[in-house]
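See below for the structure under consideration.
The values are calculated or read from the model by the stated rules, or taken from the named source; none is laboratory data. Fair warning: this is a prediction, and the values are worked out from it, not measured in the lab. Glycine also receives a Cβ, built like all others from the backbone with ideal geometry; neighbour counts cover every protein chain displayed. Please note that ligands, DNA and RNA were not included when accessible areas were found on the heavy atoms of the full protein model with its side chains. Shrake-Rupley method; radii C 1.70, N 1.55, O 1.52, S 1.80 Å.
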Amino acid sequence: MFCRSVYSSRDTFGRMTQTPPTLPKPRRWLLAVDPRVYHWDTLFVKGKEMWRHAGSRPDAARQIKQVHKGDRTLCYHGKPEHSLYALAEVTRDPYPDPEDADNKKSVMDLRAIERLPRVVTLAELRENKLLRKVKFLKNTRLTICPLTDEEYAEILRMAGIVASPGIPLP
């Protein structure tokens, strides 16, 4: 039985060619932690670190499995600050937590990009009508929350980061 690769196609001369698989488009995430347990400054001091603060709730486990290398994250501090603090990039797909004997928790590696020029408070996020569908704003107990490109851009705008022509947002 003849089976063609899903990445095969014919060029203009009718020859079979292999096209590389397309990488998924980078996604945007909001990662939330309690600064008394983990402060985002730790990531900036180390530059790159394994992030294991997603928790063990089923919703967090589902979300972390959707994260990929190259995704961007907005870093949020919970009590007492309740504000977005920094930007980071996922440098490794999620993998089992080496310190979890049950292999139920996943972790990912993050690289610090930059602190936000202006922190954005939870109250400001909730007041913005463009962000009303962000799940985190309805349930601040979430530790990881997906963001659309529009929501991500709006939050960066609120923090003082604006896109320039030809220069994409971080």
- Item | Largest-first ordering by accessible area, 1.4 Å probe, given options Arg92, Arg36 | Arg36, Arg92
- State, to one decimal in nm, how far the label point of Val45 lies from the label point of Ala101, with both points 7 Å from Cα in the Cβ direction. 3.0
- With every protein chain present, what accessible area does Trp40 have (1.4 Å probe, heavy atoms only), rounded to the nearest 10 Å²? 0
- Taking Cα atoms only, Rg over Rh for the range 101-148 with Rh from the Kirkwood formula is 1.06
- Restricting the range 86-170 to GluC sites (Glu not before Pro) in coil, as DSSP defines it, with at most 11 other Cβ within 10 Å: Glu99
- Any idea how far apart Thr140 and His53 come out in nm if each label point goes 7 Å out from Cα toward Cβ? 1.5
- Note on the structure: Between the residues Leu130, Ala112, Pro94, the Cα farthest towards the positive end of the dipole of the range 89-136, that dipole coming from +1 and -1 charges on the beta-carbon of Lys, Arg, Asp and Glu, is from Leu130
- Message: 7 Å from Cα along Cα→Cβ at both Val37 and Gln66: what's the point-to-point distance in nm?
- Response: 2.1
- Item | When each of Lys25/Lys135; Lys25/Lys104; Lys69/Lys129 is checked by Cα-Cα distance, pairs over 23 Å | Lys25/Lys104; Lys69/Lys129
